[in-house]
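Below is one structure; the comments refer to it alone.
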Amino acid sequence: MGKKIILGIETSCDETAAAIVDSGIKIISNVVASQASLHATFGGIVPEVASRQHILAISTVINTAMTESGMKINDLDGIAVTYGPGLAGSLLVGLNAAKGLAFGSSVPLLPVNHLEGHVYATWLNESFNSEETEFPLLCLIVSGGHTDLALMTGHGQFKLINKTRDDAAGEAFDKAARVLGLGYPGGPEIQNAAEKAEGTEKPFPRPKVKNSNDFSFSGLKTSLIQRAVDKNIYPRNNETCVESGLINEIAFAFQEAVVDTLVDRTLKVASELSVKGIIVSGGVAANSCLRTRIEQKSPLPVVMPKPALCTDNGAMIASAGYFKFKEMPATKWDLDIAPGLRIGESLV
Ligand code: KG4
Ligand code: ZN
């Protein structure tokens with residue numbers, strides 16, 4: 001594979017993002033416009049608000065990424081874009097912007113699976129030597145919508161091994177934060193509260209699915225709600241006065257239960273599949289407790305993107321596009337969005 005300059009565009013959820021990446025590993029520019037504060041008022045993502053905001057932001061975000069890189073459209077070798085999974089109205093904005101640019105400039109369009117993008121954020125680590133990468137690898141992808149264990153046998157080659165039966169880990173963090181009266185997105189809020197915990201609350205159960213390595217977080221969510229009701233934290237009304245120490249301790253116990261479950265299940269599957277290493281990626285991989293715990297417990301090498309590149313960005317999409325398409329393909333103009341796309345699945 002020669003040196004290639006790729007523009008990556010990402011709009012699958014609530015981040016409007018664009019980046020220029022050289023040869024799948026070197027970030028030249030990376031622009032992320034987050035809508036989090038807009039959705040925080042509602043305590044979660046409102047799809048209509050998200051797609052409208054993408055429309056307002058997309059041109060500026062792409063222009064800024066181009067300007068900061070010092071490149072012209074004709075310097076690009078490919079335009080990588082997320083076509084799924086994600087929110088339909090949000091995906092449409094990025095895909096159509098990318099098609100428009102590709103059409104106007106005759107640069108090939110590279111359709112990217114968002115989940116594979118999360119994995120490729122690891123290739124953007126300066127210390128990660130992509131020449132020395134040994135496959136197979138086990139990838140834990142933990143985001144707001146997914147908790148997947150996928151076997152990666154080579155570049156762009158993924159097979160889904162286990163997934164969540166109900167809520168995703170990020171979703172569990174977001175819901176827990178809402179119950180505890182913390183902000184949105186919930187993951188960083190739970191992490192901050194847990195770091196301030198002084199005492200210890202009774203541990204939460206570690207959720208298991210019978211005879212399977214799949215994940216399940218809805219039971220844990222129910223235990224948390226029950227605990228919050230018992231302690232008069234939830235539902236909250238104007239007279240509820242909650243001691244923040246208690247919230248911090250519950251957040252700590254909840255984070256421990258999620259992290260232990262993710263780490264134990266990943267290490268079990270990694271050993272069953274005899275992989276050479278583990279990749280942890282997706283928004284929840286920014287969690288410092290998860291990062292430390294898996295590094296401490298894993299007998300295998302563990303690689304993770306930098307925390308800032310764990311959440312949605314365009315650079316990971318550009319990197320995935322580079323590694324997936326050894327030859328730049330002819331653009332498929334009839335390419336549509338795929339909101340329910342899975343890891344390893346391809347509609348192109
Ligand atoms: O990958 P991502 O940016 O978007 C999706 O593809 O869903 O992941 C967002 C999720 C949210 O649920 C957010 O609460 C969670 O990642 N998250 C975290 C942390 N930072 C973000 N969860 C736990 N700890 C964090 N530090
Ligand atoms: Zn994501």
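The values are calculated or read from the model by the stated rules, or taken from the named source; none is laboratory data. These numbers were taken from a predicted model, which means no experiment stands behind them. Neighbour counts run over all protein chains shown; Cβ positions are idealised from the backbone, glycine included. In case anyone asks, the SASA skips ligands and DNA or RNA and just uses the protein heavy atoms, side chains included. Shrake-Rupley method; radii C 1.70, N 1.55, O 1.52, S 1.80 Å.
Here are the numbers for this structure:
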| item | result |
| --- | --- |
| Anchor LYS208: lysines whose Cα lies under 17 Å away (excluding residues fewer than 8 positions away in-chain) | LYS163, LYS221, LYS268 |
| For the chain, accessible area per residue (1.4 Å probe, heavy atoms of protein chains only), Å² | 43 |
| The chain - mean residue ellipticity at 222 nm from DSSP helices (-39,500 (n - 2.57) per run, n ≥ 4, rounded to 500) | -13000 deg cm²/dmol |
| Relative contact order %, the chain, counting alpha carbon pairs below 8 Å whose residues are six or more apart | 26 |
| Convex hull of Cα atoms in the range 169-303, direction-averaged projection (nm²) | 8.4 |
| Cα gyration tensor, the range 306-348 - rounded (a/c under 1.5), prolate or oblate | oblate |
| The range 132-210: relative contact order as a whole-number percent, Cα under 8 Å and 6+ apart | 18 |
| Protection proxy ranking, peptides 95-102, 266-273, average beta carbon neighbours within 10 Å, highest first | 95-102, 266-273 |
| Cross-link partners of LYS4 among aspartates and glutamates (Cα-Cα below 18 Å; sequence separation of 8 or more within a chain) | ASP22, GLU68, ASP75, ASP77, GLU126, GLU131, GLU327 |
| LYS297 accessible area, 1.4 Å probe, all protein chains in place, Å² to nearest 10 | 100 |
| Relative contact order [Cα under 8 Å, 6+ residues apart], the range 183-294, whole percent | 38 |
| DSSP beta bridges in the chain [antiparallel fraction, %, rounded to 5] | 60 |
| Alpha-carbon gyration tensor eigenvalues x 5, square-rooted, for the chain, Å | 35, 24, 16 |
| Farthest positive-ward along the range 11-127 dipole, Cα basis, beta-carbon charges - from ALA88, HIS118, ILE28 | ALA88 |
| Pair SER59, ALA88: separation of 7 Å Cα→Cβ label points (nm) | 2.7 |
| Computed lengthening from SER34 to LEU300, 0.36 nm per intervening residue step minus Cα-Cα distance | 92.3 nm |
| Separation of the SER130 and GLU198 label points, Cα + 7 Å toward Cβ, nm | 4.9 |
| Extended-chain gain in nm, criterion 0.36 nm per residue less alpha-carbon gap, GLU345 and VAL46 | 105.0 nm |
| Restraint check, LYS26/LYS326; LYS26/LYS196; LYS276/LYS324; LYS26/LYS324, Cα-Cα greater than 26 Å | LYS26/LYS196 |
